[in-house]
Amino acid sequence: MMLTPKKSKVGFTTRGAVGGNFVLPAPLGGLNTKDPLALMGQKYATVLENWFPSQGAVELRKGITAHATGVPTGTQHFAAWSGPTSEKLFAFTSSGAYDVTTAGAVGAASTSLTSGAASTVMFNTTGGAFLWCVNGVDDARYYNGTTWTTTASYTLTSGGTIASNLFSVVHSFKRRLFVLEKASMNFYYFDVDSIAGLVSRFPLGALFSEGGSLTAVGNWTASGALTIDDYVVFISSEGQAVVYQGTDPADAGAWKLQGVYTIGKPLGKHCTYKFGADLLVLTEFGLTSMTKVLSSSVSGAETTLTANIAPTFRSFASAGRDLPGWKIVTSDTDNLLLINVPRTGGRTTIQLACNITTNAWSVFSGWDAKAWVEGSDNLYFQAGTKTYKALTATDDDGSAIQAYAATAWAYLPPRGSKKQVKVVRPVMKIEGRVVVDAAIDVDFNTGYGYSQAFTEGSGLFTYDSPATLWDTATWGKLPKTKLDWLTLANEDGHCMSFRCRLTARAADVEWYSTDFIYESGHSLG
């Protein structure tokens with residue numbers, strides 16, 4: 001009696017081997033560069049670029065639209081003046097601060113500068129709303145919604161004066177302006193609700209055992225046994241944080257030292273971000289939470305919010321520690337936190353993107369952002385001579401978005417025997433024009449090539465390789481979940497990873513899972 005090979009439901013011949021199927025969820029856990037590849041959970045990805053892990057699917061990141069044009073290159077800071085009924089946006093360069101509020105070509109600088117490395121803070125008094133600005137080179141100045149006012153020096157309460165171009169960082173705490181003196185351990189403070197007048201010096205050098213200079217300052221809300229109060233945190237260049245509680249540094253009874261902590265060396269003077277009750281600080285270890293620092297006996301990558309991408313973050317921090325451009329911004333609408341990462345060697349900046357709810361990370365590329373600001377309605381960034389609105393489009397100002405992913409390695413059952421994937425099905429809902437290229441990697445050997453998987457839409461993309469591996473019929477204009485099976489060349493092995501490259505323009509994409517059908521048995525060797 002002659003036996004004939006069985007046929008699977010999807011049309012391949014099993015040749016006597018045992019068949020199996022496996023569903024790998026989309027990497028909702030985000031990028032993971034910390035865990036060993038053989039032990040990584042299936043919810044993660046080893047590559048995740050220009051995808052964003054939401055709570056129900058992994059989504060293609062949103063795009064950008066051009067806003068203002070003609071800003072001189074070299075923007076190092078971006079700030080918003082927010083009044084009771086209006087808002088102004090300013091890009092700070094080495095020639096001045098430029099008003100980029102209105103879409104279109106910008107005019108002349110609204111105030112002249114010789115350094116764009118500004119530090120700004122909004123400060124409201126009974127006299128109005130003010131954007132206060134220092135940069136450690138030019139005279140201090142503030143904007144009242146109409147004009148800029150410059151002050152060359154301030155009188156000290158202890159006698160004498162201090163030149164305002166020595167102020168490098170400005171901050172507000174408990175209705176006071178605080179300013180850091182560059183290359184020193186001193187901070188200065190104004191009277192309550194005051195933007196001018198006398199200033200007082202407060203030296204902190206004796207508290208920082210590692211030396212260095214004051215680099216940054218931020219506010220932190222911490223809870224004690226009976227109270228919840230705001231604290232001010234002074235951060236040194238050597239990675240120590242001094243925490244004070246109180247309202248008046250001149251009154252020992254109303255200004256108390258709460259502690260000195262080691263948090264890791266800060267990444268620039270824009271390294272702090274008030275996030276809810278917490279204070280987040282960009283350090284050499286990662287995105288450090290002051291609340292976690294307080295509750296932990298150690299400091300390092302494991303106590304940061306970037307623990308899952310610690311090796312990646314450490315590499316970026318080591319190479320770009322002294323570069324301008326480090327910045328944290330958030331978008332509540334998109335449930336998103338972004339860390340802007342400057343890079344050396346002429347490479348464009350990237351952003352580390354985090355789902356605020358799930359703490360899942362990915363990488364955004366294609367935006368060479370030099371400075372960011374949170375406007376009242378959007379996130380904005382400055383790149384080259386243009387200001388862009390971020391997360392507002394389905395492409396990058398008319399250019400396609402290219403996204404990459406590689407799933408965690410999956411040991412297809414049963415363990416211990418070799419398998420060969422016969423067909424694979426990335427389950428994606430797509431609306432718009434998309435090309436997806438895909439590959440199967442085997443046993444921790446990551447390849448570089450792709451096979452064209454499918455094209456959605458027409459008349460947009462051309463590729464050298466023929467689209468013969470999938471059916472080439474186009475879909476309707478409404479969103480549709482792609483459920484076709486794909487045949488990809490791959491070797492026998494014990495564990496598999498699905499790798500893909502997606503090119504999209506004017507498209508929304510959601511990725512839900514990746515399904516495998518495979519053979520396992522002696523016939524595979």
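A Förster radius of 41 Å, combined with the Cβ-Cβ distance separating Leu37 from Glu87, puts the computed FRET efficiency at roughly 0.30. Every pair of different Cα atoms in the range 207-281 enters the Kirkwood calculation, which places the hydrodynamic radius at 12.8 Å. Compactness check for the range 372-439: Cα Rg over 2.2 N^0.38 Å is 1.80.
Fully extending the segment from Ile356 to Ala206, taken as 0.36 nm per residue of separation minus the present Cα-Cα distance, adds 50.2 nm. Taking a ≥ b ≥ c as the square roots of the Cα gyration tensor eigenvalues, with a/c under 1.5 meaning rounded and otherwise prolate when a/b beats b/c, else oblate, which class fits the range 156-274? Oblate, because a/c is 1.5 or more while a/b does not exceed b/c. Working note: Cα gyration tensor of the range 263-331, eigenvalues times five, square-rooted, sorted largest first, giving semi-axes of 18, 15, 10 Å. Which one, (1) 21, 52, 25, 2; (2) 17, 36, 25, 15, 6, 1; (3) 20, 46, 25, 8, 1, 0, gives P(r) over Cα pairs in 20 Å bins from 0, in percent as derived from the coordinates shown? Only one option fits the structure, namely (3). Normalised per residue, the accessible area of the chain is 42 Å², obtained with a 1.4 Å probe and no contribution from ligands, DNA or RNA.
Qualifying trypsin sites (Lys or Arg not before Pro) in the range 332-431, where qualification requires a DSSP coil assignment and no more than 14 other C-beta atoms within 10 Å, comprise Arg347, Arg415. Of all lysines in the structure, the ones whose alpha carbon falls short of 18 Å from that of Lys256, not counting any fewer than 8 places away in one chain, are Lys174. Under 17 Å Cα to Cα from Lys422, which lysines show up? Leave out anything in the same chain fewer than 8 places away. Candidates past the 8-residue exclusion: Lys6, Lys7, Lys9. Amide hydrogen proximity for Leu379: with H placed 1.01 Å from N in the peptide plane, the residues at 5 or more positions away or on another chain lying under 5 Å are Ala390. Only Lys, Arg, Asp and Glu carry charge here, each on its Cβ (+1 for the first two, -1 for the last two); on that basis the chain has a dipole of about 1020 debye about its Cα centre.
For the chain, the longest principal axis of the alpha carbon atoms and the long axis of helix 310-320 meet at an angle near 50°.
Where a ≥ b ≥ c are the square roots of the eigenvalues of the C-alpha gyration tensor, would you call the range 153-193 rounded, which needs a/c under 1.5, or, failing that, prolate if a/b is larger than b/c, or oblate? Oblate shape, in that a/c is at least 1.5 and b/c is the bigger or equal ratio.
Within the same chain, lysines fewer than 8 places from Lys327 are excluded, and of the rest, those with a Cα less than 21 Å from its Cα are Lys62, Lys88, Lys182, Lys265, Lys269, Lys274, Lys292, Lys370, Lys386, Lys389.
Using alpha carbon coordinates only, what is the Rg to Rh ratio of the range 229-379, with Rh defined as the Kirkwood radius?
So for the range 229-379, dividing Rg by the Kirkwood Rh gives 0.99.
Shown is the FRET efficiency for Ala196 and Gln402, computed with R0 = 51 Å from the Cβ-Cβ distance and rounded to the nearest 0.05: 0.50.
Rounded to 0.05, the FRET efficiency of the Val260 and Thr125 pair, given R0 = 41 Å and the Cβ-Cβ distance, is 0.80.
With all protein chains in place and a 1.4 Å probe, the accessible surface of the chain carries 51 percent carbon and sulfur.
The values are calculated or read from the model by the stated rules, or taken from the named source; none is laboratory data. The structure displayed is predicted, hence computed values, not measured ones. FYI the Cβ positions are ideal-geometry reconstructions off the backbone, even for glycines, and counts take in every protein chain you see. Accessible surface areas use protein heavy atoms only, side chains included; no ligands, DNA or RNA. Shrake-Rupley method; radii C 1.70, N 1.55, O 1.52, S 1.80 Å.
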